[in-house]
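Derivation of every value follows stated rules applied to the coordinates shown; laboratory data play no part. All of these numbers come straight from a predicted model, not from anything done at the bench. A quick note on method: Cβ atoms are made from the backbone with ideal geometry, for glycine too, and the neighbour counts reach across all protein chains shown.
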Amino acid sequence: MRLHIDWTACDGRGVCTELLTEMLTEDDWGFPVLRNGDTVPPPLDGAARRAVDRCPMLALRLVT
Amino acid sequence: MTDALWYFARGSGVVSLLLLTVVVALGIGSRSGRPAFGLPRFAVSLLHRNAALLAIVFLVGHVLSLLFDPYAQLRLLDTVLPFAGHYRPVWQGLGTLGFDLLVALVGTSLLRHRLGARVWRTVHWLAYLCWPVALLHGLGTGTDNGTWWLWAISIACVVVVVAALAWRISPNFSRFPARADRAVAPRLRPHLEEVK
Amino acid sequence: MTSVVEQVERRLLAGTGAAGPGRLPVLDPSQIIGMARDAGLTGRGGAGFPVWRKLTAVAPGSVVIANGAEGEPASGKDRALLAYQPDLVLDGLQLIGMAARAGTAHLYAPKAALAPLRAVLAARHDRLPVTLHAAPDAFVSGEETAVVSAIGGRAAVPSDKRIRTVDKGFLVQNVETLAHLALIARHGPGWFRTAGTADEPGTFLATVSGAVRRPGVVEAGYGVRLGELIAAAGGPAAELRAVLIGGYHGGWVPADPALPVSRRALEPYGAAPGAGVIVALPRNACGLSETARIVGYLADQVAGQCGPCVNGLPRMAGTLADLAARRPEPGLAAEAQRLARLVSGRGACRHPDGTARLVLSAMRAFEADVAAHLNGRCLAVEGPR
């Protein structure tokens, strides 16, 4: 599974970077940066789903 | 038994107002992007949602107890249609209106992944209508209006929401004040005309 | 910029007289897809995606769009093509319309290019009627999803690509790509492959500008030597310092006349032929100043939707401007490279990626200039020591 960010929707609120610190960090303006690509490792499946669910801008999606 | 219903109705109404105040403050806090109230951002967002769900539970209790209370004489219709009641129709109507608004807010929030961000956000602006309506309803109706403790609670609620709003419009509300606004460049806005 | 100059190869720019390209044969979808595949035709808008794969992916009843928006200031080949060979473009649009069993066809181009096209369209009797749309005069307005958005009456801004454009029922092709397809339908894939290289067959239109004697549009096969392209544009007007290939989203390469202009040969420089933009930089011009000017323009041209681009490109432009102005801050080049990597891949379109590519190539190509600038000197002014 891959984490997809819709950049036209993302507002850099920072919820995903808290819920998915293993995959995401923040840039100079608070927008998420993928640390090592967009592939979600199986142990982070649940955290990724929570990040998708809690994104206030609905900018995150899990795609296969 | 009827006294118990009456006390429960009043108590659950006050608890709902307190919860809604917390929901509004946390909602504003979650918009900041800063860890608000000493909580991480995702916790602010979760608490905001859970407090709203709890407010619904108390409001349902509030309405049910009034439906079965012989003194209030609330009809089923009054729980949905505002300003149609017999007992202080305006003040009671505000309660009905607030309840309808809250159901819309929570309903669209639970379905937001299906409705899309635009519909959800538009409806969510109603929160700024829902909260004052609930506050006025509490002040104007019921047995407790004019009591010092209801005034104290109401004033405390107003202070919390006003403080949150003041923070919202202050320049250091955003975590990244230097961040540029995202807005579609005017040169790309639709101005195209079909030539044929 | 739209003047057509001497050609290294004459195909698209051949029949500009009364002779015309001849009658378009009637073909079925599988024949059109097959000939596009056999010819190895790739998109000429910049990305270079194989045409047959898009044709295969698109569902029947889709909307086909000829894209002549060409927002790149250093490019003039699409405008030249629409002015000199509109029938080839419109033939190509009919062909992809047939291949996609399309219900509607659109042509999207700058307003100035549309008026003459109306008369051309009126004289044709196309099976699939074509609607003309004016493209806003902006860098990103020709991006595939921006084109679809503009055709739909919305802002000409790129959108999220979780679902491919062809899967949304839109087939967008650059006007030059369509003109090539129209020629392939007449002369066959084998003929198409007689120009270019085995990996990258066919010709392309190049817009050559900068320090050349006769700037304009030139046609050549992929793999053509850089020197031949520049010679076709009248030859260098001065000794050259470097050449920008692929346009404002492209990369700086050494002014080596023997360098082949093909994807494969340009890859080591982080460049690609792209939409065929060639800008020659004279010896007495500063590559850092020119890059700073271009990045400033690109930062100004952001669509305004994606946070990393809206914030990152102006910051990158500021860093490049400081570097060009010889501000003595040792970290400037490293900061420019950090920002370039930071914005890459983080937008709905490739605008941040393309800008980053240009900046990274400039830091490589003008390494000596960077060192001089940080010491308050400029090689373009002083000349080499």
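With only the Cα atoms considered, the protein assembly as shown has a convex hull volume of 185 Å³ per residue. Counts of other chain beta carbons within 10 angstrom of each beta carbon in peptide C:298-307 average 6. In units of the rule-of-thumb radius 2.2 N^0.38 Å, chain B shows an alpha carbon radius of gyration of 1.24.
Using the per-residue mean of other Cβ atoms lying within 10 Å as a proxy for protection, in what order, highest first, do the peptides C:277-286, C:119-128 fall?
Top to bottom by mean Cβ count within 10 Å: C:277-286, C:119-128.
Taking amide H atoms as placed 1.01 Å from N in the peptide plane, the amide H of C:GLY71 lies under 5 Å from those of C:GLY142, each 5 or more residues away in sequence or on another chain. Across peptide B:43-53, the average count of Cβ atoms from other chains found within 10 Å of a residue's Cβ is 1. Rounded to the nearest 10 degrees, the inclination of helix B:127-140 to the longest alpha-carbon principal axis of chain B is 20 degrees.
A simple rule links phi to the HN-Hα coupling: the Karplus curve 6.51 cos²θ - 1.76 cosθ + 1.60 with θ = phi - 60°, which for segment C:249-254 gives 9, x, x, 7, 10, x Hz, with x for Gly and Pro.
Each Cα pair under 8 Å and six or more residues apart adds its sequence gap; the mean of these over the residue count of chain B is a relative contact order of 23 percent.
When the Gaussian network model of chain C links Cα atoms closer than 10 Å, the mean-square fluctuations of C:THR145, C:THR207, C:THR197 top out at C:THR197. Every Cα-Cα pair in segment C:287-382 was counted, and those over 20 Å apart are 30% of them. Here's how it looks for C:VAL277: its modeled amide H is under 5 Å from those of C:THR207, C:GLY246, C:GLY247, which are all 5 or more places away or on a different chain.
Here the Karplus curve 6.51 cos²θ - 1.76 cosθ + 1.60, taken at θ = phi - 60°, turns the phi angles of segment C:200-205 into couplings of 10, x, x, 9, 9, 8 Hz, with x standing for Gly and Pro.
Of the residues C:ASP256, C:ASP160, C:ASP38, the one that moves most in a GNM of chain C with alpha-carbon contacts below 10 Å is C:ASP160. Taking the centroid of alpha carbons for each part, segment C:284-327 and segment B:86-122 are 47 Å apart. If both residues of a DSSP beta bridge must be in chain C, then about 50% of such bridges are antiparallel. The chymotrypsin sites (Phe, Trp or Tyr not before Pro) of segment B:1-107 that meet both conditions, a loop assignment by DSSP and at most 15 other Cβ atoms within 10 Å of the site Cβ, are B:TYR71, B:PHE83, B:TYR87. The simple Förster model, with R0 at 41 Å and r as the Cβ-Cβ distance, assigns C:ALA237 and C:LYS168 a FRET efficiency of 0.35.
Counting every other Cβ atom within 10 Å of each residue's Cβ, C:LEU313, A:LEU44 order from fewest to most as A:LEU44, C:LEU313.
For segment C:157-169, 3J(HN,Hα) computed residue by residue from phi via the Karplus equation (6.51, -1.76, 1.60; θ = phi - 60°) reads 10, x, 10, 4, 10, 4, 10, 5, 4, 5, 6, 8, x Hz, glycine and proline entered as x.
Residues whose amide H lies under 5 Å from that of C:GLU219, counting only those 5 or more places away or on a different chain, are C:VAL8, C:GLU9, C:ALA206; hydrogens are built 1.01 Å from N in the peptide plane. Ordered by the number of other Cβ atoms lying within 10 Å of each residue's own Cβ, fewest first, A:GLU22, C:GLU144 fall into the sequence A:GLU22, C:GLU144. Helical content of the protein assembly as shown, expressed as a calculated mean residue ellipticity at 222 nm, amounts to -14500 deg cm²/dmol (DSSP H runs of 4 or more residues, -39,500 (n - 2.57) each, divided by residue number, nearest 500). Remark: chain C carries a charge dipole of roughly 380 debye about the Cα centre, counting +1 on each Lys and Arg Cβ and -1 on each Asp and Glu Cβ. Helix C:111-123 and the longest principal axis of the Cα set of chain C meet at an angle near 20°.
FRET efficiency for the C:ARG118 to B:TYR7 pair, using the beta carbon distance and R₀ = 56 Å, is estimated at 0.10.
Peptide C:153-162 has a mean shielding of 5, counted as Cβ atoms of other protein chains within 10 Å of each residue's Cβ. Comparing B:ALA55, B:ALA185, B:ALA117 in a Gaussian network model of chain B where C-alpha atoms under 10 Å apart are linked, the largest mean-square fluctuation is found at B:ALA185. Shape class for segment C:29-192: rounded, because the ratio a/c of the largest to smallest gyration tensor axis (alpha-carbon atoms, square roots of eigenvalues) is under 1.5.
Fewest-first ordering of C:LEU332, C:LEU27 by other beta carbons within 10 Å of each residue's beta carbon gives C:LEU27, C:LEU332.
The P(r) of chain C has a tail past 27 Å containing 48 percent of all C-alpha pairs.
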